[in-house]
Amino acid sequence: MTTLPQSTGKKLGLVIDLDICVGCQSCATSCKEWNTGGYSAPLSDHDPYGGDPSGAWLNRIHSYEFDDGQQAKTVHFPRSCLHCEEPDCVTVCPTGASYKREEDGIVLVNPDTCIGCKLCSWACPYGAREYDYDDGVMKKCTLCVDRIYNETIPEEDRVPACVRSCPTGARAFGDLDDPTSDVSKSVIARGGFNLLDEFGYKPTNKYLPPRKAEVPAAPVERQPEQVAAPGNTAIEKLFSWVDKALS
Amino acid sequence: MHPAYSVIFFTTASGAGYGLLFWLSLAEAVGAMPGGRWLSFAIIAVALTLISLGLLSSTLHLGHPERAIGAFLQWRSSWLSREGVAAVLTYIPAGLLALMWLFNIESGLSSILAILSAVGAAVTVYCTGMIYGSLRTIRQWSHHLVPLIYLGFAAATGALLFGFSLAICVSLPMWTTLLILVTTVTAAVMKISYWKQVDADPGQYTREMALGMPHLGTARPLDPPHSRPNFVMREMGYSVARNHAEKLRTLTMVTLMGAPIVLTLLAMLIGLTGLWLALAVIAAGVGIVTERWLFFAEAEHVSQLYYGAARA
């Protein structure tokens with residue numbers, strides 16, 4: 001069914017802390033590694049070692065520079081499906097392959113019924129869905145649905161691969177519908193926000209903003225560059241002679 | 001947005017086919033259809049061929065065309081699914097009408113079947129327009145004129161084909177001439193007004209809104225997430241150079257709007273209707289494909305805010 005559930009039992013999602021993300025791409029690579037063998041298998045690549053590599057990835061890490069006129073700031077910015085509460089990527093699907101789970105709110109694509117029309121990717125303002133040209137179906141973040149409920153793996157691994165691999169702890173996974181969960185508390189404590197809230201899809205995933213620098217870095221006064229005239233000192237004369245002799 | 005040739009062919013061919021079916025059905029329903037049953041049969045055969053070729057071509061861009069039957073399931077929420085259902089349902093009265101003409105079956109049912117065919121044709125084209133019109137991610141598509149323009153050009157190209165068929169088989173009645181002129185002018189006025197409106201709208205979403213942190217100042221992309229374009233950039237980031245777009249808009253206006261009007265007037269005033277309308281059909285064919293190509297190539301997707309676009 002591509003009509004949306006009235007409500008979901010949980011709102012499982014990610015909270016991404018932009019203050020401590022270092023843009024190392026480990027979440028992207030571990031996502032690719034897990035999901036090319038898991039629910040979304042395969043995540044096909046084209047020309048992976050050639051001049052024009054491309055492929056289906058479910059997590060993309062951008063870096064932006066923000067400038068408020070006083071201070072510039074680098075922000076590393078992971079981007080993946082936000083498991084929205086009211087997304088059109090689900091309702092536009094003609095087959096029902098794109099659906100939102102009633103039990104936990106995860107948005108999934110059924111790879112057995114997807115016809116590969118790509119309309120869901122057109123409906124996503126976040127660019128979170130990537131078409132797999134070899135597999136002929138749409139791929140997207142599954143919130144590692146094949147890890148988080150998987151009783152055959154150690155309990156500490158029952159989180160999305162991106163969360164497990166993040167070396168700085170910038171990614172957290174939990175139920176954003178439960179106000180007592182760690183993720184919900186961090187959203188309240190840090191002023192977590194939605195991407196493109198104005199669009200109205202009600203994303204589940206939240207982002208935590210970069211903290212304000214306590215002491216603003218003092219702007220460095222520019223000095224006129226002082227370039228020494230060549231050949232003034234003995235050592236420079238020596239280098240000049242060596243240079244001529246060798247060339 | 002990337003212009004997929006299969007989708008351009010589908011929307012233009014089936015649009016013209018549904019337009020032709022619409023006018024033939026209306027002419028049949030009101031008893032204004034000149035010529036005998038064979039002419040009606042020939043025209044409906046052309047219409048259904050155009051529609052069927054278009055629908056078949058639309059499955060070419062699918063990753064799994066063999067599963068296309070599943071696309072009829074979600075008509076409650078999906079305009080694409082509704083389009084499929086409407087297209088299949090329209091075959092029923094149109095097919096029966098064709099059979100009645102083929103086997104010379106006289107029945108009072110024919111006018112009811114004709115009205116159902118006309119309604120089905122209009123509903124199907126409206127659904128096609130709404131597939132695009134319902135996507136809020138693309139401001140050039142989520143415009144109230146989009147489904148009306150789809151209907152307008154289906155009506156205009158269909159009327160032109162209808163007039164051409166009558167001109168070469170019997171003669172061109174005055175009401176058909178007027179039909180071509182009125183539908184073409186109406187569609188052209190809507191399209192030109194649409195262009196003016198989308199050109200004046202810079203887009204309501206900014207890169208800073210996409211990143212969710214407008215208070216941090218202006219954002220500029222520093223490091224891209226990948227070194228070469230991915231699916232999102234290829235599919236949603238396709239864009240056409242501004243000066244190329246302007247030339248193609250001019251081409252559209254000349255071939256899809258100007259030429260059919262002038263050639264139809266020539267047909268009305270100096271005869272040789274078949275020749276002038278043949279030229280008009282060729283011009284409009286070039287024009288509608290250009291118009292549809294531009295509809296995709298000029299469409300800007302919100303996701304490109306993450307890839308360097310400042311507004312969308």
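The values are calculated or read from the model by the stated rules, or taken from the named source; none is laboratory data. Just so you know, these numbers come straight off a predicted model, no measurement behind them. Cβ coordinates were reconstructed from backbone atoms using ideal geometry, including for glycine residues, and neighbour counts include every protein chain displayed.
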Residues of segment B:115-141 satisfying the condition of being touching a residue at least 60 places away in the same chain (Cβ under 8 Å), more than 12 Å from every other protein chain (Cβ to nearest Cβ) and under 22 Å from A:ALA123 (Cα atoms): B:THR124, B:VAL125, B:THR128, B:GLN140
Sole exception among (1) farther than 21 Å from B:HIS226 by Cβ; (2) away from every other protein chain (no Cβ under 12 Å); (3) not aromatic (Phe, Trp, Tyr) for A:ALA41, by number: (1)
Flag if B:ARG76 is part of a loop (DSSP other than H, G, I, E, B) and either touching a helix residue (DSSP H, G or I) at 6+ places or on another chain (Cβ under 8 Å) or of a type outside the set (Gly, Ala, Ser) (or both): yes
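Can you say whether A:LEU58 is under 24 Å from A:PHE199 (Cβ atoms) and in contact with a helix residue (DSSP H, G or I) (Cβ under 8 Å, 6 or more places away or on another chain), as far as the supplied structure shows? Working first, answer last.
Working: under 24 Å from A:PHE199 (Cβ atoms): yes; in contact with a helix residue (DSSP H, G or I) (Cβ under 8 Å, 6 or more places away or on another chain): yes.
Taking the combined requirement at face value, the residue satisfies it.
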Where a residue in segment B:91-106 is on the phi < 0 side of the Ramachandran plot and assigned to a helix (DSSP H, G or I) and its partner, wherever it lies, is loosely packed, with under 13 Cβ neighbours inside 10 Å and of a type in the set (Phe, Trp, Tyr), with Cβ under 8 Å and at least six apart: B:TRP101/B:TRP38
Flag for A:VAL159 being crowded, with 18+ Cβ neighbours inside 10 Å, over 27 Å from B:ARG67 (Cα atoms) and of a type in the set (A, V, I, L, M, F, W, C): yes
Single unsatisfied condition, A:ILE115 versus (1) at the interface with another protein chain (Cβ under 8 Å from one of its Cβ atoms); (2) in a helix (DSSP H, G or I): (2)
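Could you check segment A:32-65 and list, in sequence order, the residues that are among the hydrophobic types (A, V, I, L, M, F, W, C) and at pLDDT below 95?
A:ALA41
Does segment B:184-225 hold any residues that are polar (S, T, N, Q) and not in a helix (DSSP H, G or I), and which are they?
If we filter segment B:184-225 for residues that are polar (S, T, N, Q), which is where we start, we get B:184, B:186, B:193, B:197, B:204, B:206, B:218.
If the condition is that a residue be polar (S, T, N, Q) and not in a helix (DSSP H, G or I), then B:GLN204, B:THR206, B:THR218 are the ones that fit.
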Filter result for the condition that a residue is touching a residue at least 24 places away in the same chain (Cβ under 8 Å), closer than 21 Å to B:PHE153 by Cα and more than 14 Å from chain A (Cβ to nearest Cβ), over B:VAL189, B:VAL254: B:VAL254
Condition check for A:ARG171: surrounded by fewer than 21 Cβ atoms within 10 Å (Cβ to Cβ), more than 12 Å from chain B (Cβ to nearest Cβ) and touching a residue at least 60 places away in the same chain (Cβ under 8 Å): no
Search result, residues across segment A:81-98 that are surrounded by fewer than 24 Cβ atoms within 10 Å (Cβ to Cβ) and more than 10 Å from chain B (Cβ to nearest Cβ): A:GLU85, A:GLU86
Filtered residues of segment B:147-178 (kept if under 30 Å from A:LEU196 (Cβ atoms) and crowded, with 24+ Cβ neighbours inside 10 Å): B:TYR150
Options B:SER52, B:SER40: the member that is away from chain A (no Cβ under 14 Å) and touching a residue at least 60 places away in the same chain (Cβ under 8 Å): B:SER40
Among the candidates A:GLY9, A:GLY13, residue that is more than 12 Å from every other protein chain (Cβ to nearest Cβ), under 16 Å from the mean Cα position of the chain (by Cα) and touching a residue at least 60 places away in the same chain (Cβ under 8 Å): A:GLY13
Pair list, Cβ < 6 Å and 6+ apart or interchain, from segment A:125-138 residues that are facing chain B (nearest Cβ under 7 Å) to residues that are buried (at least 24 other Cβ atoms within 10 Å of the Cβ) and of a type in the set (Phe, Trp, Tyr): A:GLY127/B:TYR306
Single unsatisfied condition, A:HIS46 versus (1) at the interface with chain B (Cβ under 9 Å from one of its Cβ atoms); (2) more than 15 Å from the chain's Cα centre (by Cα); (3) not hydroxyl-bearing (Ser, Thr, Tyr): (1)
Residue within segment B:85-99 that is buried (at least 18 other Cβ atoms within 10 Å of the Cβ), in contact with a strand residue (DSSP E or B) (Cβ under 9 Å, 6 or more places away or on another chain) and either of a type outside the set (Lys, Arg) or farther than 20 Å from B:PHE22 by Cα (or both) present: no
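Within segment B:278-300, identify whether any single residue is touching a strand residue (DSSP E or B) at 6+ places or on another chain (Cβ under 7 Å) and not in a helix (DSSP H, G or I), and answer yes or no. Step through it out loud before you land on a result.
Step one: of segment B:278-300, the residues touching a strand residue (DSSP E or B) at 6+ places or on another chain (Cβ under 7 Å) are B:299-300.
Restricting the remaining residues to those that are not in a helix (DSSP H, G or I) gives B:299-300.
Yes, segment B:278-300 contains a residue that is touching a strand residue (DSSP E or B) at 6+ places or on another chain (Cβ under 7 Å) and not in a helix (DSSP H, G or I).
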Within segment B:1-37, tally of residues that are in contact with a helix residue (DSSP H, G or I) (Cβ under 7 Å, 6 or more places away or on another chain) and free of Cβ contacts under 8 Å to residues at least 40 places away in the same chain: 1
Search result, residues across segment A:188-209 that are part of a helix (DSSP H, G or I), surrounded by fewer than 21 Cβ atoms within 10 Å (Cβ to Cβ) and within 14 Å of another protein chain (Cβ to nearest Cβ): A:ARG190, A:ASP197, A:GLU198
Residues satisfying the stated conditions in segment B:208-221, i.e. more than 8 Å from every other protein chain (Cβ to nearest Cβ) and surrounded by 16 or more Cβ atoms within 10 Å (Cβ to Cβ): B:GLU208
Residue check, A:TRP57 in contact (Cβ under 8 Å) with a residue 60 or more places away in the chain, away from every other protein chain (no Cβ under 12 Å), of a type outside the set (A, V, I, L, M) and under 30 Å from A:ASP178 (Cα atoms): no
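Given the structure, is B:PHE41 in contact with a Gly (Cβ under 7 Å, 6 or more places away or on another chain) and in a helix (DSSP H, G or I)?
Details: in contact with a Gly (Cβ under 7 Å, 6 or more places away or on another chain): no; in a helix (DSSP H, G or I): yes.
Spelling it out, it is not the case that B:PHE41 is in contact with a Gly (Cβ under 7 Å, 6 or more places away or on another chain) and in a helix (DSSP H, G or I).
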